[in-house]
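The values are calculated or read from the model by the stated rules, or taken from the named source; none is laboratory data. As the structure is a computational prediction, the values presented were derived from the model and not from experiment. FYI the Cβ positions are ideal-geometry reconstructions off the backbone, even for glycines, and counts take in every protein chain you see.
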């Protein structure tokens, strides 16, 4: 982790090196017009070289005619594995992924760089409206944008989820958390030169993974709306959804001349790009509650080291002294326990420290974000929370209602924009804005009606 200043630096500086996924990510998301194509090209080529080290394309058949059956077979295996998971939960076994709500919020935070650019890899497809072979790619892109409905736009949904739990990343995460997002943005902006790789990446990303189903189930159990994830379960289905469209698009766009074999080889490498970066399982397994609590306090230490009065001492040191040097936060927590300010494995309300930070009347109200509060709550409650979870409601009961799409909206100024203006507003950085949502509705409607877009 780095400081909040580093986030600002990433937002205002151009990428200086193509190996820097963080700066590539932020520059392509916020100011793509300032990123020179050679930088994007160098980044993508470096990632493709890494991808080639994964020698097996997860069983992707050599014969294109077998791709549909292969996807159906994968979907069947995932369904079978998920059934086994549900049977284990019915039998009383615990969650497989998330040990606590803080663990789940940690996951949402650390996969955010990827989720906040969802479907960016297909952005270039909207520039090929007049070519029927791109239709499946364009439809996939527009559907992930909710066809302009904010209640269905995937990036809007994920931003809302982060806001609801106050767990958006406040600092730059490690490089590997940005690799997938940077790849997606780079493919979206360089798609004309990397079409085979886009098709291969799309083929891999639109498959239904087991972790998506388990994630949705356990988020619901922990009181976190899983709609962003369940929406992907339905929309990516292998029968008529995005997984099916990914195959058809790849077949439609295959060349028929001597370049066909090279095109397919590049497509396979693009497929392997999905293996790069820190994926779902790696993020989940990297969480350790006390370690994350200590790391969180260390990050906040510099903001609080001069903010406390000196009348109270813990193990002979004032709070300001505890916070004055890095590396003391774990011992500081132990001192709070020794003093009785934190009572582990009890209801957090019994701890004086919690009383200081929880609620609008608390002396330190607002010092910690929602995610940071959840970390502290789960750490303090410990075994008490684990024991009380057994008494909770049935985890199979859905806690959230599915929302209805927004009502038909009136025509807007986007209806008189040119195709060039519309496609700019459909970009990964713009489609979630009010203007972008309006432009998406216009683009989707005119595509469906077969109308000419100026």
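Here is a check on your reading of the model: is residue 191 under 22 Å from residue 426 (Cα atoms) and out of contact with any strand residue (DSSP E or B) (no Cβ under 6 Å at 6 or more places or on another chain)?
Numbers: under 22 Å from residue 426 (Cα atoms): yes; out of contact with any strand residue (DSSP E or B) (no Cβ under 6 Å at 6 or more places or on another chain): yes.
Considered against the rule, which asks whether it is under 22 Å from residue 426 (Cα atoms) and out of contact with any strand residue (DSSP E or B) (no Cβ under 6 Å at 6 or more places or on another chain), residue 191 comes out as yes.
Looking only at residues of region 245-261 that are part of a helix (DSSP H, G or I) and more than 32 Å from the chain's Cα centre (by Cα), we find that the one that is surrounded by the fewest Cβ atoms within 10 Å (Cβ to Cβ) is 261. It is to be established whether one or more residues within region 284-297 are closer than 14 Å to residue 199 by Cα and in a helix (DSSP H, G or I). No, region 284-297 contains no residue that is closer than 14 Å to residue 199 by Cα and in a helix (DSSP H, G or I).
Taking the criterion of being touching a helix residue (DSSP H, G or I) at 6+ places or on another chain (Cβ under 8 Å), modelled with pLDDT of 95 or more and more than 20 Å from residue 228 (Cβ to Cβ), the only residue of region 71-84 that qualifies is 81.
Contact annotation: residue pairs with Cβ atoms under 6 Å, 6 or more positions apart or on different chains, pairing a residue in region 290-319 that is farther than 30 Å from residue 105 by Cα with a partner that is surrounded by fewer than 17 Cβ atoms within 10 Å (Cβ to Cβ) and modelled with pLDDT of 85 or more, are 314/339. Given the criteria touching a helix residue (DSSP H, G or I) at 6+ places or on another chain (Cβ under 6 Å), over 23 Å from residue 31 (Cβ atoms) and crowded, with 23+ Cβ neighbours inside 10 Å, does residue 148 qualify? The answer is yes for residue 148.
Just one of the numbered conditions (1) in a helix (DSSP H, G or I); (2) surrounded by 12 or more Cβ atoms within 10 Å (Cβ to Cβ); (3) at pLDDT below 90 is not true of residue 264: (3).
The residues on offer are 219, 203, 210, and the sole one that is touching a residue at least 12 places away in the same chain (Cβ under 8 Å) and under 30 Å from residue 27 (Cβ atoms) is 203. Would a scan of region 408-419 turn up a residue that is modelled with pLDDT of 90 or more, surrounded by 15 or more Cβ atoms within 10 Å (Cβ to Cβ) and within 27 Å of residue 157 (Cβ to Cβ)? Among the residues of region 408-419, not one is modelled with pLDDT of 90 or more, surrounded by 15 or more Cβ atoms within 10 Å (Cβ to Cβ) and within 27 Å of residue 157 (Cβ to Cβ), which makes the answer no.
Here region 308-345 is the region considered, the condition is being within 35 Å of the chain's Cα centre (by Cα), within 15 Å of residue 364 (Cβ to Cβ) and assigned to a loop (DSSP other than H, G, I, E, B), and the residue that is modelled with the lowest pLDDT is 323. Restricting 165, 177, 128, 135 to those that are closer than 22 Å to residue 227 by Cα and outside the structural domain of residue 375 (by TED's automatic domain parsing) reduces the list to 165.
When you look at residue 38, is it closer than 22 Å to residue 187 by Cα and in contact with a helix residue (DSSP H, G or I) (Cβ under 7 Å, 6 or more places away or on another chain), yes or no? For residue 38, the condition - closer than 22 Å to residue 187 by Cα and in contact with a helix residue (DSSP H, G or I) (Cβ under 7 Å, 6 or more places away or on another chain) - is not met.
Residues checked against (1) at pLDDT below 95; (2) buried (at least 19 other Cβ atoms within 10 Å of the Cβ); (3) more than 20 Å from residue 145 (Cβ to Cβ):
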residue	(1), (2), (3)
172	yes, yes, yes
213	no, yes, yes
234	yes, no, no
237	yes, no, no
242	yes, yes, no
271	yes, yes, yes
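Filtered by the rule that a residue be under 13 Å from residue 396 (Cβ atoms) and part of a helix (DSSP H, G or I), region 83-105 gives 85, 86, 87, 88, 89, 90.
Of everything in region 346-361 that's part of a loop (DSSP other than H, G, I, E, B) and in contact (Cβ under 8 Å) with a residue 24 or more places away in the chain, which residue is surrounded by the most Cβ atoms within 10 Å (Cβ to Cβ)? Only one residue tops the list, namely 351.
Please indicate, with yes or no, whether at least one residue in region 113-124 is more than 20 Å from the chain's Cα centre (by Cα) and surrounded by fewer than 23 Cβ atoms within 10 Å (Cβ to Cβ).
Looking only at region 113-124, we keep the residues that are more than 20 Å from the chain's Cα centre (by Cα), and these are 124.
Then keep just the ones that are surrounded by fewer than 23 Cβ atoms within 10 Å (Cβ to Cβ); that gives 124.
Within region 113-124, one or more residues are more than 20 Å from the chain's Cα centre (by Cα) and surrounded by fewer than 23 Cβ atoms within 10 Å (Cβ to Cβ).
The helices (runs of 4 or more DSSP H) located wholly in region 142-225 that include 1 or more residues which are closer than 17 Å to residue 43 by Cα and under 15 Å from the mean Cα position of the chain (by Cα) occupy 179-189.
Residues checked against (1) assigned to a helix (DSSP H, G or I); (2) out of contact with any strand residue (DSSP E or B) (no Cβ under 7 Å at 6 or more places or on another chain); (3) surrounded by 17 or more Cβ atoms within 10 Å (Cβ to Cβ):
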position	(1), (2), (3)
40	yes, yes, yes
44	yes, yes, yes
54	no, yes, no
66	yes, yes, no
70	yes, yes, yes
